[in-house]
Amino acid sequence: WTLQTMPASRNWSGAVYGKPSTASTGIFVAVADNLNSAAYSINGTSWTFSALPTFGDSTLNEYVDVAFGSNVFVAVANSSNIAAVGTWNGTALSWQGTIMDVVADSSSKDWVSVAYGNRRFVAISSTGDVAYSFDGFSWLPATMPSQDGSTAHNWKQIRYGQGVFFAVGDTGSRD
């Protein structure tokens, strides 16, 4: 292991590696849950800041996780139903914000994690709301199962592997 220092004054909360078709090498991307910030690196040692979009009525969106797939990076925020889609233009990463309003009551959800697999992005909220997208811009709702049909879960993270999405969480002392 070699310890690398990320740019200071940020609370780095998620990271991913991906290789867009417009890049000659893969790109590391990290998102921060403060200051609407991302950083990217082509070598893992030298980092460049990339501003994540403010969206909706908020001046600060707390981006918590990022995934790569279909030649784009998708970051989710745990505020205001926000996602950002990052595209690599050959020399820099630029972001475009989008709304993940997939819940019928239009309430703001606490999105905590996003993963890519099977040609789609899947995001989960801490309370079990699920959103999926084929492009990162248009999101559709889905449902997370519960263990016994009544126990509330505190979902933490979703990932993809071996052909399935899997999520982890706890009951968070909920009854």
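Around the amide H of ASN154, modelled in the peptide plane, lie the amide H atoms of ASP170, THR171, GLY172, all under 5 Å away and 5 or more residues distant in sequence or on another chain. Mean-square fluctuations from a GNM of the chain, with a 10 angstrom spring cutoff on Cα atoms, peak among THR54, THR91, THR22 at THR91.
For LYS156, the accessible surface of its heavy atoms amounts to roughly 100 Å² (probe 1.4 Å, protein chains only, rounded to the nearest 10). Once ligands and nucleic acids are excluded and a 1.4 Å probe is used, how much of ARG120 is accessible, expressed in Å² to the nearest 10? Number for this one is 60 Å². Ordered from largest to smallest accessible area (heavy atoms of protein chains, 1.4 Å probe), the residues ASP129, ASP110 come out as ASP110, ASP129. Comparing VAL16, VAL29, VAL85 in a Gaussian network model of the chain where C-alpha atoms under 10 Å apart are linked, the largest mean-square fluctuation is found at VAL16.
In the neighborhood of VAL72, defined by Cβ-to-Cβ distances under 15 Å, what is the net charge if each Lys or Arg adds +1 and each Asp or Glu adds -1? Before the final figure, lay out each step's value.
Values: positive: LYS19, ARG119, ARG120; negative: ASP65, ASP135.
Taking every other residue near VAL72 into account, the sum is +1.
For the chain, the carbon plus sulfur part of the accessible surface works out to 51%, probe radius 1.4 Å.
When Kirkwood radius over Cα pairs in Å is calculated for this entry, the matching label among (i) 17.5; (ii) 16.5; (iii) 19.5 is (ii).
The values are calculated or read from the model by the stated rules, or taken from the named source; none is laboratory data. Keep in mind that what you see is a predicted model, and the values were worked out from it rather than measured. We place every Cβ from the backbone using ideal geometry, glycine too, and count neighbours over all the protein chains shown. Heavy atoms of the whole protein, side chains included, go into the accessibility calculation; ligands, DNA and RNA do not. Shrake-Rupley method; radii C 1.70, N 1.55, O 1.52, S 1.80 Å.
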